[in-house]
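S.K.: My structure is below; once you've seen it, I'll send some questions.
The values are calculated or read from the model by the stated rules, or taken from the named source; none is laboratory data. Please read all numbers here as calculations on a predicted model, not as lab measurements. All Cβ positions, glycine included, derive from the backbone under ideal geometry; neighbour counts span all protein chains shown.
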Amino acid sequence: MRRFAYFAAVLPAVTIGAALLGTLPAAAHHNEPDQILDGNVQSCKDIVPGAYWEETDEDATDDDVITHPWFTVTISDDLLWLDVVLTDTGEAADAQLAVLVKGGNQTNLFLGPDLTHLFAPVNASGMPAEISNYTICKIKPTTPTEPPTEPPTEPPTEEPTEPPTEEPTEPPTEEPTETPSETPSETPSDTPSATPTPSETPEEPELPDTGSSPALLLAAAGVLLLAGLLALRHRFVKP
């Protein structure tokens with residue numbers, strides 16, 4: 001009887017402990033967020049470099065989930081975690097994803113490749129809050145490119161160039177420039193004194209015109225002289 005009572009008391013504790021142990025692996029498997037963001041963040045474009053596509057499930061309580069050929073989405077019934085798993089198509093495309101999980105007043109950011117058991121930020125009770133919405137983003141794959149290795153190029157051997165010998169340039173002989181002799185300027189003689197203007201000779205008064213010209217007078221004198229000579233000849237010469 002005592003043994004039955006002992007088992008009756010221990011059995012419930014064992015059952016509860018087994019149930020708790022069954023939940024521990026799942027809780028321990030949760031991924032740690034790569035970043036915790038304040039507020040309701042639903043875009044990766046300003047957070048994750050290379051994000052070029054995104055889709056948000058505004059209400060995680062609905063049965064509808066985001067569907068895409070590259071991945072599948074599974075949400076737990078209690079809205080405490082979700083899985084995003086690549087499909088064969090996504091694997092072939094080398095898809096790279098990021099997931100934003102919102103709960104409470106914050107949002108957790110998870111980066112691939114492992115995107116299983118994602119949860120919302122922890123609330124004041126210390127337990128993850130229920131997922132209110134989530135966003136899945138595609139990221140362009142960034143393949144690290146190694147810079148091409150260029151074969152070392154030997155610097156070309158330059159033949160020493162002799163500096164050109166410059167012929168000595170004789171300074172140009174400048175011809176002496178003769179200083180132009182200044183022509184002595186003759187001092188102009190003093191201006192000659194003005195020649196006194198001769199005084200005007202008073203004109204003699206003209207003789208009154210007698211009405212006979214000199215020729216007539218001479219003719220008359222000649223006639224008289226001839227007459228005188230004839231008279232004298234007649235006197236001295238007698239027939």
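S.K.: Looking at 74, 67, which one is assigned by TED's automatic domain parsing to the domain that holds residue 49 and over 16 Å from residue 54 (Cα atoms)?
M.R.: Checking each option against the conditions leaves just 74.
Let's see how each residue does on (1) under 49 Å from the mean Cα position of the chain (by Cα); (2) at pLDDT below 95; (3) not small (Gly, Ala, Ser):
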| position | (1), (2), (3) |
| --- | --- |
| 80 | no, no, yes |
| 83 | no, no, yes |
| 92 | yes, no, no |
| 102 | yes, no, yes |
| 116 | no, no, yes |
| 130 | no, no, yes |
| 153 | yes, yes, yes |
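S.K.: I'd like to check something: does the range 45-58 contain any residue that is touching a Phe, Trp or Tyr at 6+ places or on another chain (Cβ under 9 Å), surrounded by 14 or more Cβ atoms within 10 Å (Cβ to Cβ) and more than 15 Å from residue 116 (Cβ to Cβ)?
M.R.: Going through the range 45-58, the residues touching a Phe, Trp or Tyr at 6+ places or on another chain (Cβ under 9 Å) turn out to be 45, 56-57.
Now drop any that are not surrounded by 14 or more Cβ atoms within 10 Å (Cβ to Cβ), which leaves 56-57.
Now narrow it down to the ones that are more than 15 Å from residue 116 (Cβ to Cβ): 56-57.
Yes.
S.K.: Among the listed residues 60, 26, identify the single one that is at pLDDT below 95 and not assigned by TED's automatic domain parsing to the domain that holds residue 135.
M.R.: 26
S.K.: For the range 77-134, name all the residues that are hydroxyl-bearing (Ser, Thr, Tyr) and surrounded by 19 or more Cβ atoms within 10 Å (Cβ to Cβ).
M.R.: 107, 134, listed by residue number.
S.K.: Shifting gears a bit: Exactly one condition in (1) in a loop (DSSP other than H, G, I, E, B); (2) modelled with pLDDT of 95 or more; (3) out of contact with any strand residue (DSSP E or B) (no Cβ under 9 Å at 6 or more places or on another chain); (4) of a type outside the set (S, T, N, Q) is not met by residue 41; state its number.
M.R.: Here residue 41 clears every test but (3).
S.K.: Say we look at the range 61-108 and pick out the residues that are touching an Asp or Glu at 6+ places or on another chain (Cβ under 8 Å) and outside any strand (DSSP E or B); which of these is nearest to residue 129 (Cα to Cα)?
M.R.: 80
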